[in-house]
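Peer 1: So that we are looking at the same thing, I have put the structure below in C-alpha cells.
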Amino acid sequence: MRNLKLLKSLRSSELRGPGSPQFLSVRADTGSLLVVSQYAVTEYDPRTGQAVSEASLTAEGFLPEDGGGVVVGLQDLAELESACLATAGGDVVLFNLNTCQLECVGSVDSGLTSMSWSPDEELVILTTGQETIIMMTKEFEPITEVGIHQDDFGEARKVRVWNREGVLQATSEPVDGLEEPLSWKPSGSLIASTRRHPNKHSVVFLEKNGLLHGDFTLPLGKDQAKVKELLWNSDSTVLAVWLEDMTAGEDGWVNTYIQLWTVGNHHWYLKQSLDFGGDRQAAPVCVCWDPERPLRLHLARRDWTCITHDWGWTTERSPGQDAADNANVAVIDGDKILVTTFRQGVVPPPMCSFELQLKSPVNQVTFLCRPQGTNQLAAFTADGRISVYRQSGTCFLCCSCLRSEIEVDGVVVSVVHCSQTGTVALQLEDGQIRRVLWDCPDPSVEVWRDSTGCNINFPVPCVQTSLCSVGGEEYLLGLTDRSHLYAGDTELASSVSSFAVCNDFLLITTHSHTCRCLQLSALSVKGLQAALASDGGQNDETQRRVERGSRIVTAVPGDTRVILQMPRGNLETVNHRALLLAQLRKWLDSLKFREAFECMRKLRINLNLIYDHNPKVFLENIETFITQMNSIDHINLFLTELKEEDTTCSMYPRPEGSPIQLQPVSGQKKVDVVCDALRSTMETMDPNKFCLSILTAHVKKTEPELEVALQKVHELRAPGAVSAEEALKFLLFLVNVNDLYEHSLGTYDFDLVLMVAEKSQKDPKEYLPFLNMLKSLEPNYQRFTIDKHLKRYRKALLHLSKCGPEHFPEALRLVREQKLYSEALRLFAANDAQYKALSCAYAEHLVEQQQAEQAGLLLWRCGEFVGALQAFAGSSSWRNAICVAQQIPLPPDQLALLARDLAGNQKLTEQRRYSEAALLLDQYAKDCEEAILALITGAVWEEALRLVSEQDITETNLKPALFDAVSSHTVFLEAQVATFARHRARLAVVREQKEKARLDMLDEDGPDCPDAELYSEASSVMTGSKYSHSNSRISSRSSKNRRKAERKKLSLKEGSPMEERALMYALGEIVTTVDKMRVHNLLKALVLFQLDRQAEKLQQTFEEALQTTEAALPEVWPDGIQNNNAPLTGPNSTANSITASFQQQQQKPAASQQGPVFNHHLKAPVCNV
C-alpha cells in the first residue's frame, strides 16, 4: 500500500548542441549522462551543468555531416571506461571517456537496426539490416549469427528467445496484436510487451518459454496512443511506459506522457503519470533509468534539456493520535484514490473502503495534519490541480483549499507537520532540515536547532520523515534508502525497513524480521539507540518476530492494532505487545475494567494483570469492577485464571521507571485475598445474582472451601436465585465429582450427599448401603466414621473422644496409628486415667524416636516415676534421674549404684563429661577415689587436687598422669612444628615455580598478556581462598558444610592444581590448633609438685611453636589480607582471623597470653591477665 512520492526534479538546460539527442545513457561510476545526437557524443554532468567530454561523430566519418545519421544504440561500459554506440550505417564505435577518442571496433555492411548489451556487460547483440542477429563477446569477437525469422517453429511467431550461446530456446504462441516494445525484467523471467486488443490496449508479460503470464490494461482507448518503449528500473519494482498519442490534438501537437506502474497482490497500480503536453520541444526523446538508484529516471528533451526525477516509496496514512482518526491509508491507482479505514476493519488490497474518482491521474496524496481533521485528504493530479476531500459519514466530499507561498533557499524534498505541536519541518535535497514558522503574520523558514542551539541536519537525505518528541524534546526522524534511521544527526539504527510514530510510540520493522515498539517519552536519544541495538530478553515486550519483508502500513491510534504488509501485498494485523500493554495500563489506571478485560480476553493476555497492575487500587474498586463486568461468566473467568504468580514481574514486566506496586496485604496469598474481596462484595451487592461467582470464589482459593460452597448450594431456596441443581452442576464443572462427593460427605448432611451422588456417575449400589450404615450410628460415632473414611483423623479423634470410655481403646489405637499424641492429650483432663494412658503411649513413642529425656519428663509429670527414671537414665540426663530417684525414694545403696551407673556405664566419661562424672561418684556414690581418677583422666587438675587427700593416690595416679600429659603435649607440638616447617618450605617452592611461569609468559607475549595474571600470587591467594570473615552471619551448620565441600577440592599432592591453596589451608589449621591448646592448668600443677624441668620444657616447646607460626605469618599470607578488629590469636581465633588481623596490628601477637610463662629464675608461674 505504498505510493511513489516525487522527492525532487532536477532540470538542466545549459547543454546545447546541433541536432537533437537520439540516445541517453548513465555512467554508473560518476552519475554523469552520455548523450548522443546526429553529430556528436557528449558526456554531461547535470549537477554542474557542464559538458565533461565530447567527440564529433561526423568529423570521424561515422555519421554524415548533413545531420541525417542515426544512432541505434548507446551503452556505458564501466569496466572499459568507454561508451559503445552503434550507427544505422553499420559501425560499432567505442568512445574512450578518458581520452575522448573514438575507435571503430567493427562494421556491418548491411547496416544495424539495434544494439543491446547483457546486464553483466559480457555479451552484445546486434540486429542487422538483413534481419539477422549477431552475438559477440565484450571484446567484440563473434559468437554466432542467426536469422531472426526461423522456420523451425512455424511462421506466425512473434517473440523468440535465444540463450547465451545463440541457440533458439523458445518461440511464443501466436499473439494477435502483439507490438514491438520489449523489456526483460531484470530480476525474474518475465518479458514485458504491449498488445492491442479489439477493445483495449494492454501491457502483457511472457515467460522465457514464450507463454503468456498476466497483463494489465492501459487507461487509454484502444487506438488512442502507441507505446514507444517499456523500461524496467534496476530492481524490477517499477515499469515505465512511454506513450505518444497516435493523433494530434486541436492545436496540431501530439501529446507525450510517461506512466510508472507498480504491482502488489497481483494488481498493477498506476502510481505516476508525467504529461508533457503537445509541445514538440518539451517532449522527451530519450528516457532511461539510473543503474545505481532504482527510483531515478533521466529524460532528455529535443531542446537538449535534461530532467532527472527522484522518487521515493511512501505510505500515506492519516496522522491522527486519537480515536477520531479512522487510521486511513490512501493508495494511488491512476485517476482513483483507494482509501482504506483500518479502524473499522482490514480490507485487503487491491480492494478498499472508499474509492475516490478524479478527472485525471493522481501523482500525490496527503492527509491533513490538523487535530480533529486528520481524515481530510488532498490530491495533486497530473494536470496540476489540487483537490481536497473531507470524510462525511461513509463518503468523501470535495471542498476548496487555501494557498500561500513561502520562499525556501534550496530544493525541498519532503515536508512534515506535527498536529500536536503545530511544527512544520522541511528537508532539503542535501539532508538539511528547516523549520517553517507559518503561524505568524509573516511566515518564514529558519534552521532547525536543538535545545542547545546547535544546527541539526540529516547526514544524508531521507526518503521518509516524521516529527516526534523523544524524552521531551522534538526531533525529526528520517529513514534513508539504505535503511538507516536518524533522529536529526544521530543514527538510531541500521537495517530498518519501515517506521511509524503512533501516539507516544515508535514502531519499526527491520530486515532481521522483527517489529520493535519503543515508548518515546520514557527514553532519551541515547536510550533509544541502546534499546534498538539490544536484542531484548525473553519477556521483552518491545520486540516481536514478523514475516520476512514485512513493512508497517499504519497503526490504529488509541488502539493496539498494527497493520503490516507482506512482500506479496497481503495484509496482516498484529497487536504489538508494547502497544497492547500500554493501552491496558492506561485503561486500568482510569478504572476502565470492562475495556481492559475484553481486550485481554480477545488477545489472550493473562487476566491476573488486572489485579497485579495495581493491587491496592483494584481492591479499593472491587464494586466498580463487578459493576462494569456485569456478567457472571466474565467474573468467573477472571476468578478461574487467578494464580499466585505476579505477572508484572514475570510475563509482563513493568516499564523502566514506573513505580512498583506492593501487595496491600502482606503475608496473605494473592488468590485468597482476591477471592475473599470479590466474594464479600458480591454478597453485599446481590448474593442471588452473583451466586455462581460466589461459589467460584470459594472453590478457587488456594485451599478450596468446598464444604462452604456445598452448604450454600444446599441452602439455595430464595426466589429469583439459581436453583440448587443448577448451582451443583456448576460446581461439578469446577471440581472433580469424586472430590465433591467426599467433601459433601464431610458436611454430615446426608441430603446434600445424596444430591451430589445423584449427579455423579456412581452406582447407587455403591453408596446407598454405606450411607444407610452411617445413618444407623450414634451421631458422634457417625461423624467419627465419616472423618476416618475421609482420612480427617484429627476430626475423627475429636468426635471419637466424645463417644464415651467404652470407645477409648479404639481412640488409643487411632492415636498410635496416626501419631496424634499431642492432639489426644488436649482432649482429656490431666487427672483422667485416659490421660495417663495416652502419656505412657506417647512416652513409648518418644523413646522409639530417640527422645528419651522428653519421654521422661512426660512420665514424671503424670506420676510414672519408675518409667521416668529409666528414661532419664537412658538419656544421660543424670540430674533429672537423681531428682526422680530421690522422689521415689530409692534406698542409699540403690542410689549409689544408680550414680555409679550414670557416671560410668551411661557414658558420661565416654562423652568427656569428667567433671559431672566425678560429681556423681563423689556426692552420690561416695567413691572419692573413682572421682579423682575421672578428674585425672579428664585433665581437670585443679579439681583433682581439691579432692586428693592421700599421698598414695598422688604418687600412683596423679603424678604419672602429669608426666603422660607433658609427654603427649610435647610430642604433639613437635609434630605440629615439623609439619608446619615442611608445608612452609613446599609453599615457597610452589610460589617460586608459579612466579617463574608468569615471568616466562611475560617474556613471550609481552607485558599486556592477559594470561599472565593467572600466575599472579595475589589472584591465587585471594580469589581462591576459602577463608571467610570471622563475623560471618552464616549459620554454623551451613558454614561447616560449605567448608567441608571446599576442602574436598584441596589436595596436598605435589603438582596438583590446588596445591598452593591446600598448603595455605593446612598451615592455617596448624596455627589455629596450636593457638587453641590449653597448658595453663597443666603448668600450674607441674610447678605445684616441683616438676620444674618438665614444666619448663613444655613451656619452651609451646612458646617455640607459637613463635614459629607467628614468624611465618607474613610469608604465608603476604598481601591483600582483609582487615579485622579480631585479636591475632585467642581462644576464639581461626586461621582466617589470624591472617586477617596480622597486617592490621603489625605487632607481636598475644599468643603467649594463653598460658603461664614459666620464669626459670623465679621458679614460679607468671600468669598474664
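The values are calculated or read from the model by the stated rules, or taken from the named source; none is laboratory data. The structure presented is a predicted model; accordingly, all values stated were derived computationally and were not measured. Virtual Cβ from ideal backbone geometry, glycine too; neighbours counted across all protein chains shown. For the accessible areas, the whole protein counts, side chains as well, though only heavy atoms, and no ligand, DNA or RNA atoms are used. Shrake-Rupley method; radii C 1.70, N 1.55, O 1.52, S 1.80 Å.
Peer 1: One residue is enough: does the range 1050-1060 have a residue meeting the conditions in contact with a Ser or Thr (Cβ under 8 Å, 6 or more places away or on another chain), outside any loop (DSSP other than H, G, I, E, B) and either modelled with pLDDT of 75 or more or under 23 Å from Val971 (Cβ atoms) (or both)?
Peer 2: Checked the range 1050-1060: at least one residue is in contact with a Ser or Thr (Cβ under 8 Å, 6 or more places away or on another chain), outside any loop (DSSP other than H, G, I, E, B) and either modelled with pLDDT of 75 or more or under 23 Å from Val971 (Cβ atoms) (or both).
Peer 1: Sticking with this structure for a sec: Just to be sure I understand the filter: pairs with C-beta atoms under 7 Å, separated by 6 or more residues or on different chains, first member in the range 274-289 and free of Cβ contacts under 8 Å to residues at least 60 places away in the same chain, second member of a type in the set (Phe, Trp, Tyr) and part of a strand (DSSP E or B). Which pairs pass?
Peer 2: So the pair list comes out as Phe276/Tyr257.
Peer 1: Please list, ordered by first then second residue, the pairs with beta carbon atoms under 8 Å, 6 or more apart or interchain, first in the range 543-554 and touching a residue at least 12 places away in the same chain (Cβ under 8 Å), second among the basic types (Lys, Arg) and open to solvent by 20 Å² or more (accessible area, probe 1.4 Å).
Peer 2: Sorted first by the residue in the range 543-554, then by its partner, the pairs are Arg544/Arg577; Arg551/Arg2; Val553/Arg317; Thr554/Arg317.
Peer 1: I would also like to ask the following. Looking at (1) assigned to a loop (DSSP other than H, G, I, E, B); (2) crowded, with 16+ Cβ neighbours inside 10 Å, which is the one condition that is false for Asn98?
Peer 2: (2)
Peer 1: Moving on. Identify, from the list Gln376, Gln420, Gln464, Gln427, the residue that is polar (S, T, N, Q) and at pLDDT below 85.
Peer 2: Gln420
Peer 1: For the range 841-880, which positions are outside any helix (DSSP H, G or I), touching a helix residue (DSSP H, G or I) at 6+ places or on another chain (Cβ under 7 Å) and open to solvent by 20 Å² or more (accessible area, probe 1.4 Å)?
Peer 2: Cys862, Glu864, Ser875
Peer 1: Next question. All but one of (1) without any contact (Cβ under 8 Å) to a residue 24 or more places away in the chain; (2) over 17 Å from His213 (Cα atoms); (3) in contact with a Leu (Cβ under 9 Å, 6 or more places away or on another chain) hold for Arg195, so report the exception by its number.
Peer 2: (2)
Peer 1: Check whether at least one residue in the range 771-782 is more than 27 Å from Leu859 (Cβ to Cβ) and in contact with an Asp or Glu (Cβ under 8 Å, 6 or more places away or on another chain), and report yes or no.
Peer 2: no
Peer 1: Hey, does the range 124-136 have a residue that's of a type in the set (S, T, N, Q), free of Cβ contacts under 8 Å to residues at least 40 places away in the same chain and under 18 Å from Asp29 (Cα atoms)?
Peer 2: Within the range 124-136, the first condition is being of a type in the set (S, T, N, Q), and the residues that meet it are 127-128, 130, 132.
After this cut, where a residue has to be free of Cβ contacts under 8 Å to residues at least 40 places away in the same chain as well, the list is 127-128, 130, 132.
Among the residues that remain, those that are also under 18 Å from Asp29 (Cα atoms) are: none.
Among the residues of the range 124-136, not one is of a type in the set (S, T, N, Q), free of Cβ contacts under 8 Å to residues at least 40 places away in the same chain and under 18 Å from Asp29 (Cα atoms), which makes the answer no.
Peer 1: To continue, here is another question. Being surrounded by 15 or more Cβ atoms within 10 Å (Cβ to Cβ) and either more than 46 Å from the chain's Cα centre (by Cα) or modelled with pLDDT of 85 or more (or both) narrows it down to one residue among Ala757, Ala718, Ala727; which is it?
Peer 2: Ala757
Peer 1: Here's a follow-up. Evaluate the following for Leu437: is it free of Cβ contacts under 8 Å to residues at least 12 places away in the same chain, in contact with a strand residue (DSSP E or B) (Cβ under 9 Å, 6 or more places away or on another chain), over 26 Å from Asp235 (Cβ atoms) and among the aliphatic types (A, V, I, L, M)?
Peer 2: yes
Peer 1: While we're here: Within the range 695-702, is even one residue open to solvent by 50 Å² or more (accessible area, probe 1.4 Å), closer than 22 Å to Lys795 by Cβ and either at pLDDT 80 or above or β-branched (Val, Ile, Thr) (or both)?
Peer 2: Within the range 695-702 (the criterion being open to solvent by 50 Å² or more (accessible area, probe 1.4 Å), closer than 22 Å to Lys795 by Cβ and either at pLDDT 80 or above or β-branched (Val, Ile, Thr) (or both)), the answer is yes, since at least one residue qualifies.
Peer 1: Residue pairs, Cβ under 8 Å, 6 or more apart or interchain, first in the range 782-795 and over 15 Å from Asn772 (Cα atoms), second assigned to a loop (DSSP other than H, G, I, E, B). List them.
Peer 2: Every condition considered, the pairs that remain are Phe784/Cys803; Asp787/Gly746; Leu790/Gly746; Arg792/Gly746; Tyr793/Leu820; Arg794/Leu820.
Peer 1: Could you check Leu591 against (1) open to solvent by 60 Å² or more (accessible area, probe 1.4 Å); (2) assigned to a loop (DSSP other than H, G, I, E, B); (3) farther than 23 Å from Lys700 by Cβ and say which number it fails?
Peer 2: Of the numbered conditions (1) open to solvent by 60 Å² or more (accessible area, probe 1.4 Å); (2) assigned to a loop (DSSP other than H, G, I, E, B); (3) farther than 23 Å from Lys700 by Cβ, the odd one out for Leu591 is (1).
Peer 1: Here's another thing I want to ask about it. Hey, Ala1012 hits all of (1) over 52 Å from the mean Cα position of the chain (by Cα); (2) part of a helix (DSSP H, G or I); (3) modelled with pLDDT under 70; (4) not β-branched (Val, Ile, Thr) but one; which does it fall short on?
Peer 2: (1)
Peer 1: Right, here's the next one. Pairs only if they're at least six apart or on different chains, beta carbon under 8 angstrom, first in the range 140-166 and closer than 19 Å to Trp184 by Cβ, second at pLDDT below 85 and of a type in the set (Phe, Trp, Tyr); list them, first residue then second.
Peer 2: Arg160/Phe153
Peer 1: Here is a further query. Please go through the range 112-128 and give me each residue that is modelled with pLDDT under 90 and either under 16 Å from Leu94 (Cα atoms) or over 60 Å from the mean Cα position of the chain (by Cα) (or both), ordered by number.
Peer 2: Glu121
Peer 1: Scan the range 173-192 and report the pairs whose first residue is touching a residue at least 12 places away in the same chain (Cβ under 8 Å) and whose second residue is among the aromatic types (Phe, Trp, Tyr), with Cβ atoms within less than 6 Å and a gap of 6+ or a chain change.
Peer 2: Ser183/Trp232; Lys185/Trp232; Pro186/Trp232; Leu190/Phe205; Ile191/Trp184; Ala192/Phe205
Peer 1: Can I ask one more? Say we look at the range 31-84 and pick out the residues that are touching a strand residue (DSSP E or B) at 6+ places or on another chain (Cβ under 6 Å) and of a type in the set (Ser, Thr, Tyr); which of these is most open to solvent (accessible area, probe 1.4 Å)?
Peer 2: In this case the residue turns out to be Ser56.
Peer 1: What do you reckon, is Arg301 open to solvent by 10 Å² or more (accessible area, probe 1.4 Å), closer than 30 Å to Val35 by Cβ and either out of contact with any Lys or Arg (no Cβ under 8 Å at 6 or more places or on another chain) or not small (Gly, Ala, Ser) (or both)?
Peer 2: Yes.
Peer 1: Do you know which residues across the range 171-187 are open to solvent by less than 40 Å² (accessible area, probe 1.4 Å), hydrophobic (A, V, I, L, M, F, W, C) and within 15 Å of Asn209 (Cβ to Cβ)?
Peer 2: Val175
Peer 1: In the range 39-69, how many residues are touching a Gly at 6+ places or on another chain (Cβ under 8 Å) and outside any strand (DSSP E or B)?
Peer 2: So the answer is 8.
Peer 1: Same structure, new question: For the range 617-636, give me each residue that is open to solvent by 40 Å² or more (accessible area, probe 1.4 Å) and outside any helix (DSSP H, G or I).
Peer 2: Hit for the range 617-636 is Asn630, nothing else.
Peer 1: Contact list please: Cβ distance under 7 Å, first residue in the range 498-515 and among the charged types (D, E, K, R), second residue open to solvent by 40 Å² or more (accessible area, probe 1.4 Å), pairs at least six apart or on different chains.
Peer 2: Final answer for the pair search is Asp504/Gln519; Asp504/Ser521.
Peer 1: Still on this model: So, restricting to strands (runs of 3 or more DSSP E) that lie completely within the range 134-241, which ones have at least 2 residues that are within 22 Å of Thr262 (Cα to Cα) and not β-branched (Val, Ile, Thr)?
Peer 2: Once the strands (runs of 3 or more DSSP E) in the range 134-241 are filtered for at least 2 residues that are within 22 Å of Thr262 (Cα to Cα) and not β-branched (Val, Ile, Thr), what remains is 178-184, 190-196, 201-207, 212-217, 225-232.
Peer 1: What are the residue pairs meeting all of these: first residue in the range 6-18, first residue touching a residue at least 24 places away in the same chain (Cβ under 8 Å) and closer than 22 Å to Arg293 by Cβ, second residue polar (S, T, N, Q) and part of a strand (DSSP E or B), Cβ atoms under 6 Å, and 6 or more apart or on different chains?
Peer 2: Leu10/Thr308
Peer 1: Here's something else I'd like to know. Of the residues Ile143, Ile134, which single one is closer than 28 Å to Ser234 by Cα, open to solvent by less than 50 Å² (accessible area, probe 1.4 Å) and not basic (Lys, Arg)? Talk me through it step by step, then tell me what you get.
Peer 2: On the way: Ile143 fails: open to solvent by less than 50 Å² (accessible area, probe 1.4 Å).
None of the others qualify; the one that does is Ile134.
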